[in-house]
1. If I ask for residues that are in a strand (DSSP E or B), touching a residue at least 60 places away in the same chain (Cβ under 8 Å) and under 17 Å from Ala43 (Cα atoms), which ones from the stretch 1-32 would you list?
2. Only residues in the stretch 219-235 that are more than 20 Å from Pro164 (Cβ to Cβ) count as the first member; pair them with residues that are β-branched (Val, Ile, Thr), Cβ under 6 angstrom, at least 6 apart or cross-chain, and list the lot.
3. Is it true that Ser39 is open to solvent by 20 Å² or more (accessible area, probe 1.4 Å), within 30 Å of Gly182 (Cα to Cα), out of contact with any strand residue (DSSP E or B) (no Cβ under 6 Å at 6 or more places or on another chain) and not in a strand (DSSP E or B)?
4. Just name the residue that is nearest to the ligand (Cβ to nearest atom) out of those in the stretch 1-10 that are out of contact with any helix residue (DSSP H, G or I) (no Cβ under 8 Å at 6 or more places or on another chain) and at pLDDT 95 or above.
5. Given the conditions (1) more than 10 Å from the ligand (Cβ to nearest atom); (2) under 19 Å from Gln219 (Cα atoms); (3) small (Gly, Ala, Ser), and given that Ala104 satisfies all but one, which numbered condition is not satisfied?
6. Any residue at all in the stretch 130-138 that's in a loop (DSSP other than H, G, I, E, B) and over 17 Å from the mean Cα position of the chain (by Cα)?
7. Take the stretch 38-60 and flag every residue that is more than 13 Å from the ligand (Cβ to nearest atom) and in contact (Cβ under 8 Å) with a residue 12 or more places away in the chain.
8. Name the residue that is nearest to the ligand (Cβ to nearest atom), counting only residues in the stretch 13-27 that are open to solvent by less than 20 Å² (accessible area, probe 1.4 Å) and of a type outside the set (Asp, Glu).
Amino acid sequence: MVKRVSVVGAAGYSGAELVRILAAHPRVEVASLFGSPGSKGCAFEAVHPALGGRSGPAVVPFDEAALRASSPDAVFLATPNETSASLVPSLLEAGLLVIDVSGAFRLKDAALYQAWYGFQHPSPQLLPRAVYGLTELCGEELDRARLVANPGCYPTSILLALRPLLPILEEGMPVVAVSASGVSGAGKRADLAYSFCEVAGSYKAYGVGVHRHEPEIRQALGLPAGSPFAFVPHLLPVARGILSTIHVSFRTRVSPDEVAGRWERAYAGRPFVRVLPPGRLPELKDVVGTPRAHLGSAPLDGGRRAVLVSAIDNLLKGAASQAVQNFNRASGFAEEEGLS
Ligand SMILES: NC(=O)c1ccc[n+]([C@@H]2O[C@H](COP(=O)([O-])OP(=O)(O)OC[C@H]3O[C@@H](n4cnc5c(N)ncnc54)[C@H](OP(=O)(O)O)[C@@H]3O)[C@@H](O)[C@H]2O)c1
């Protein structure tokens, strides 16, 4: 069975990666591709350099009637948060499977959108229906999903490392996640702060205590507001990739073998999370351009504490390839279809 799919935001950084993956997916036919309503659009081959030799629909200015006329079964939204928030209700009403790469449906508490995203959520009634698609840690709810909230890039890197270790963390002790992202994490925007001369040769922390991925991470860890958790994002002068170092305390002494064992059990048979052998720590160069996350750990204080290290490609496991994993699961396909 083949599914017809549309991508909105197809010429953006995450959208272009989606188009590249979907164009080669054996169970997918690309039905239509859209940019912003006022855009000029572009030819299919112009979306992504790796598309040479393939053909497909041109990227055209977004128009919901045109999207529906292309008869997709599923729609990927690689659009700004408020755009996704406004588009999702009618797409769901039309019976389409929606995979939203933005943050518009990740948080369950609608009040958090005003506080962290700066807008009143237009469809709070849909928040409980959205499945938070951290694929490897999802159960059957993902297989039945009609609206998938694809996790943020920083949260993906942090949660994959932390979630399987929650039962052995010392209660009340701070968890500190220090994450560095390549500049593509900010999207195609042309802000001065993200221009070459501003970032090349520099490195800085930003958004400490106010980054919108913080409530998402807290929600997925089950941490109430005010519990001792710090998320410290950094801007790294590379195009893509996220490396997170996460400082944790354990209830008892825990060896790197035990940490690796817990991760191995959580991700057994899951090809896109690789646990490195004890003694090895993840590096960006090994994951950039791949749909995989790499995990490793280093013990501190005789094993009472540890630094967990997690690396992903922000545009793939942090966005497009995880979105396709989620699409596969919600479509009844093998999770790795089109990604291996
Ligand atoms: N970058 C990452 O690492 C990353 C990771 C995970 C999640 N995300 C999320 O994914 C989404 C896209 O991010 P990105 O980094 O790929 O952004 P981007 O490079 O700026 O691309 C955004 C895309 O959205 C399109 N768009 C803007 N307004 C629109 C509208 N009103 N209707 C239809 N399309 C519209 C743009 O069209 P034009 O091309 O015509 O301007 C562009 O193609 C964001 O919500 C972001 O938070 C990004």
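1. Residues of the stretch 1-32 in a strand (DSSP E or B): 3-8, 28-32.
Now narrow it down to the ones that are touching a residue at least 60 places away in the same chain (Cβ under 8 Å): 3-8, 28.
Once the filter is applied, which keeps residues that are in a strand (DSSP E or B), touching a residue at least 60 places away in the same chain (Cβ under 8 Å) and under 17 Å from Ala43 (Cα atoms), the stretch 1-32 yields Ser6, Val7, Val8.
2. What qualifies is Ala230/Val176; Val232/Val178; Val232/Val208.
3. No, not satisfied.
4. Top of the filtered list is Arg4.
5. With respect to (1) more than 10 Å from the ligand (Cβ to nearest atom); (2) under 19 Å from Gln219 (Cα atoms); (3) small (Gly, Ala, Ser), Ala104 is out only on (1).
6. Step one: of the stretch 130-138, the residues in a loop (DSSP other than H, G, I, E, B) are 130, 133-134, 138.
Right, trim to over 17 Å from the mean Cα position of the chain (by Cα) and you get none.
No; the residues of the stretch 130-138 include none that is in a loop (DSSP other than H, G, I, E, B) and over 17 Å from the mean Cα position of the chain (by Cα).
7. So in the stretch 38-60, the residues more than 13 Å from the ligand (Cβ to nearest atom) come out as 43-45, 49-57.
Once the filter is applied, which keeps residues that are more than 13 Å from the ligand (Cβ to nearest atom) and in contact (Cβ under 8 Å) with a residue 12 or more places away in the chain, the stretch 38-60 yields Ala43, Phe44, Ala50, Leu51, Arg54, Gly56, Pro57.
8. Of the stretch 13-27, the ones open to solvent by less than 20 Å² (accessible area, probe 1.4 Å) are 15-19, 21-22, 25.
Retained after the next criterion (residues that are of a type outside the set (Asp, Glu)): 15-16, 18-19, 21-22, 25.
On the way: Gly15: 5, Ala16: 8, Leu18: 9, Val19: 10, Ile21: 14, Leu22: 15, His25: 19 Å.
That would be Gly15.
The values are calculated or read from the model by the stated rules, or taken from the named source; none is laboratory data. No experiment lies behind these values; they were computed from the predicted model shown. For neighbour counting, all protein chains shown are included, and Cβ atoms are generated from backbone atoms with ideal geometry for every residue, glycine included. SASA here: full protein model, heavy atoms, side chains in, ligands and nucleic acids out. Shrake-Rupley method; radii C 1.70, N 1.55, O 1.52, S 1.80 Å.
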